Amino acid sequence: MKKGNYIAVKSLSKKVAAAEASQTLALTALAKKMKAEGIDVVSLTAGEPDFPTPAHIKQAAIKAIEDNFTKYTVNAGILELRNAIVEKLKRDNNIHVTASQILVSNGAKHSIFNALQAIINKGDEVIIPAPFWVSYPEMVKLVDGVPVIIKTTEKTDFKAGAAQIKKAVTKKTKALILCSPSNPTGSVYSQEELEQIAEVVKKTGIYVIADEIYEKVIYDGAKHFSLASIPEITDQIITVNGVSKAYSMTGWRIGFLAAHQSIVDAAEKVQSQATSAPNSIAQKAAYAAFAGSDDEVNKMTAEFTKRRDYIYTAITSIPGITSTKPQGAFYLFPNVSGLFGKSYNGTILKTSSDVAQFFIKDAKVVCVPGDGFGAKNNVRFSYACSMQDLEKAATRIKNAVEKLK
């Protein structure tokens, strides 16, 4: 259609327009902007450990630069790293694969997107238990799939049961996305619970994308169990992991998926056209992470345990706020519906977004409302920050809530 002497510019993608931007990233950016403006704000948004990347990992990256290891690598990732991942999966997860069954990508998020591109056709359904990581449903939509959300509650520690998953399976169901330890709830599925889910997976023939990025951040003697270690369904499981959380390497952007060869081949084809191989230097650093000692990981987890205990006790002592106690990851996901209906300065709190905005404005604490996670009564606090910040945040929130009427 012409306007004067000009042709109107064509519209943008409807699919992208319909997708939601990451609420977590948006609020993390807001917190950084507020800090840059000189506002004394505490950010409990991003799942980003405040610890430095362990020294031996940084040294491996420095050596890679000095050795001029700065060119493209093979698309799937360097063999040295993939072999280290093979050994890691065997040692830690009882998963037995070959190096050709590993695809190294630009972070675990990229791995999940590659996996979805590899298995989903238009209209295929993907079951996602809520609360969920904000990106799962949007990634499913972007590959023309249909997210099917199943609700969980505090009574089940926010975990979906085998019967609930079975009920959600239809002829169109292609996959289930399962995250344990969970973002945003910190829930950990037991071996028994996963074995029951495995029976459903076996009988229905669906795939499972098992997001295990928080596997090493686990507390109170809880044990991580991998679905892909169950021989009867191993070919149906796409295991996703990486170095971001356990090794405090969020900015290095290295994740991987391990799966049946046909899935890996398809996902690698996608990656070859979209991004090619991940950063060469970061791959050398990731090799050092997987091949080296977990001493620093264990120290970080011990500190996270202290932070979890503090923030859980502090927040649940505030009238109107309740919470399950996380067994893994570094998030508290409290229920704030006890604050709904209360007001301050004429504004009535009706939703978790209202509560989050109230915390930003009055307490100068930034957290993520639960709406984006599929849980309208909750907010997410990340305790991947310093104890000092947690103490400041808890005090500010307590003082702010006391002002509500």
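The values are calculated or read from the model by the stated rules, or taken from the named source; none is laboratory data. As the structure is a computational prediction, the values presented were derived from the model and not from experiment. Here the Cβ is made from the backbone with ideal geometry for all residues, glycine too, and neighbour counts use every protein chain on show.
Among the candidates 234, 250, single out the residue that is surrounded by fewer than 24 Cβ atoms within 10 Å (Cβ to Cβ), under 15 Å from residue 109 (Cα atoms) and polar (S, T, N, Q).
Testing whether each residue is surrounded by fewer than 24 Cβ atoms within 10 Å (Cβ to Cβ), under 15 Å from residue 109 (Cα atoms) and polar (S, T, N, Q) leaves just 250.
Taking region 341-364 as the region of interest, how many residues are assigned to a loop (DSSP other than H, G, I, E, B) and surrounded by fewer than 16 Cβ atoms within 10 Å (Cβ to Cβ)?
Residues that pass the stated criteria total 4.
Kindly establish whether residue 373 is in contact (Cβ under 8 Å) with a residue 24 or more places away in the chain and farther than 18 Å from residue 152 by Cβ.
no
Taking the options 235, 211, name whichever one is in the same structural domain as residue 112 (by TED's automatic domain parsing) and in contact with a Phe, Trp or Tyr (Cβ under 8 Å, 6 or more places away or on another chain).
211
Among the residues of region 87-139, how many are outside any helix (DSSP H, G or I) and more than 19 Å from the chain's Cα centre (by Cα)?
Summing the residues that are outside any helix (DSSP H, G or I) and more than 19 Å from the chain's Cα centre (by Cα) in region 87-139 gives 12.
Can you go through 38, 77 and tell me which one is surrounded by fewer than 23 Cβ atoms within 10 Å (Cβ to Cβ) and either out of contact with any Ser or Thr (no Cβ under 6 Å at 6 or more places or on another chain) or among the hydrophobic types (A, V, I, L, M, F, W, C) (or both)?
38
Report every pair of residues separated by at least 6 positions or lying on different chains whose Cβ atoms are under 7 Å apart, first residue within region 118-135 and outside the structural domain of residue 211 (by TED's automatic domain parsing) and at pLDDT 95 or above, second buried (at least 22 other Cβ atoms within 10 Å of the Cβ) and not in a strand (DSSP E or B).
Here the result reads none, with nothing in region 118-135 linked to a residue that is buried (at least 22 other Cβ atoms within 10 Å of the Cβ) and not in a strand (DSSP E or B).
Is it true that residue 261 is modelled with pLDDT of 95 or more, over 19 Å from the mean Cα position of the chain (by Cα) and either within 30 Å of residue 116 (Cα to Cα) or assigned by TED's automatic domain parsing to the domain that holds residue 84 (or both)?
yes
I'd like the full set of residues that are surrounded by fewer than 22 Cβ atoms within 10 Å (Cβ to Cβ) and either closer than 20 Å to residue 107 by Cα or aliphatic (A, V, I, L, M) (or both), limited to region 201-214.
206
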